[in-house]
Every structure is written in structure tokens, then in C-alpha cells.
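What follows draws every value from the coordinates through simple rules; no lab data is involved. Source: prediction; values computed, not measured. Here the Cβ positions follow ideal geometry from the backbone for every residue, glycine too, while neighbour counts run over all protein chains shown.
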Amino acid sequence: MIIYLDTETTGLNPGEIVQLSYILENKSGVKTKNFFFAVPYVDPFAVAVHGFSAERLKVLSDGKVFSDHADEIEKDFLSADVVISHNVSFDEAFLRAEFNRVGKILPIKNSFCSMKKSVPICKLSRAHNSGYKYPKLSELCDYFCVTEFDIKRETEKLFNFDCGFHDARFDTAALYLAVKTGIESEEAFKELKKYL
């Protein structure tokens, strides 16, 4: 089974996750999960990106924190053969911190970073240096001709919710569509076929 995931967080350093969305895919189909977590503080820079203030998260999460869902999340991750994320080291650092706080170990067997794997595919020039830069998720979608309309439609289908970039549901749907396209057309992504 594959888990495609995205997180929204309290800031750039491993503080807390405010939203965790993921798609679980196996041979029999897909299912999705989305969690909001109440936190005491969200960096104003992070709020400017994703729009989730501590006050808003208290309502969206119904006052629940990561520990309230940790057993369910752990069970899902234990069943996954690989976890896919765009900048997987960032998401794993936050997930590891959350699991550590509840006395658990992050149960990821294998991970796949669509951001790093797509560098030689997208070949996006750096502004001031030689070599290629890490593509943003939106740039990877552009490369694979996955439009914002496609992502919006997939988000509504999978999560039954209408939102945009920097909501983890939308970003997870974007990742899912881009990776599925990549599996069919790019050698660097074809290794994922063995998990389906």
C-alpha cells in the first residue's frame, strides 16, 4: 500500500502539525483521511501561508490534538509499504516529533520524495547558481500537465471538500495526480509500481 501525504505546520522548524491529510492506495482502491489538530501557537508566517490560526484550528479540530488520533495514524502508517511526500524530509521531521511527543516511533518503512526525484525530470534552473532547483509541487504539476482545475476536481472527489493550494487536502490530491502521471511516464517514478 502507498500513502501520499501532506502536512501544514506551526512553522518551519519541527514544532507541531496543524493539518495532516493522506491518501491510502492499494490494489482495491483509495481512501482518504484528513485531520486538524489544536495547537497553542502558530507562527504568523505559517498562518499567512496556510490560513490556519490557533483559534481557527481549535474549531476545525473540535479541540482534538495529535495524541487523540495517534493510534489511528500509526496503524495506517504501519500498513503502508511506502510513504510519498513532496519534500518528505520536512514532513517526516514533523511526524517524527509528533510521534515522539506521544511516546511512539514514526512507523515509516520506505519513503519517496517527489521533490528530489523530480529534479532531473523538471530541470528547473536556479536563479543564481548552476544546476537545477527543487521544483515546487505546483511546478511538478505543471510539468505533468496537471492543472489546478484537475486538482480541485480530485480534491472534491477524494476529500469531498473545495479548497486550494496550502490546504493539505488540495496538496495531497495534487501530489497524487502528479505521481500517478509520473509512474506512467518517468523512469524515476516507475519504482513505485511495485507497491500497487
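If I model a spin label as a point 7 Å beyond the Cα along the Cα-Cβ vector, how far apart are those points for GLU187 and PHE45 in nm?
3.8
Between GLU74 and GLU148, what FRET efficiency follows from the Cβ-Cβ distance if R0 is 41 Å, with the result rounded to 0.05? Working shown, then result.
On the way: r = 33 Å, r/R0 = 0.81.
Efficiency, rounded to the nearest 0.05: 0.80.
For the ranges 160-173, 122-135, what's the packing order if you count other beta-carbon atoms within 10 Å of each residue, average per peptide, and put the highest first? Kindly include the intermediate steps, with their values, before the conclusion.
Details: 160-173: 20.3, 122-135: 11.7.
Per-residue Cβ counts within 10 Å, averaged per peptide and sorted highest first, yield 160-173, 122-135.
Compute from the Cα atoms of the range 94-196 the Rg and the Dmax, the latter being the longest Cα-Cα distance, and quote both in angstrom.
Radius of gyration, then largest Cα-Cα span, for the range 94-196: 15.6, 44 Å.
Among [x] 23, 19, 18; [y] 26, 20, 17; [z] 41, 20, 15, which one is semi-axes √(5λ) of the Cα gyration tensor in Å computed from these coordinates?
[y]
Arrange the following residues from fewest to most other Cβ atoms within 10 Å of their Cβ: GLU98, GLU187, GLU156.
Ascending Cβ contact count within 10 Å gives the list GLU187, GLU156, GLU98.
Compute the helix-to-body angle for 148-159: its Cα long axis versus the longest principal axis of the chain, expressed 0 to 90° and rounded to tens.
50
Report, in degrees rounded to the nearest 10, the 0 to 90 angle that the Cα long axis of helix 88-101 makes with the longest principal axis of the chain.
With rounding to tens, the tilt is 20 degrees.
By how many degrees, 0 to 90 and rounded to 10, does the Cα axis of helix 66-79 deviate from the longest principal axis of the chain?
Between the helix axis and the principal axis of the chain, the angle is about 40 degrees.
Which order do SER89, SER138 fall in if you start with the one that has the fewest other Cβ atoms within 10 Å? Intermediate values should be presented prior to the final figure.
On the way: SER89 11, SER138 16.
Ascending Cβ contact count within 10 Å gives the list SER89, SER138.
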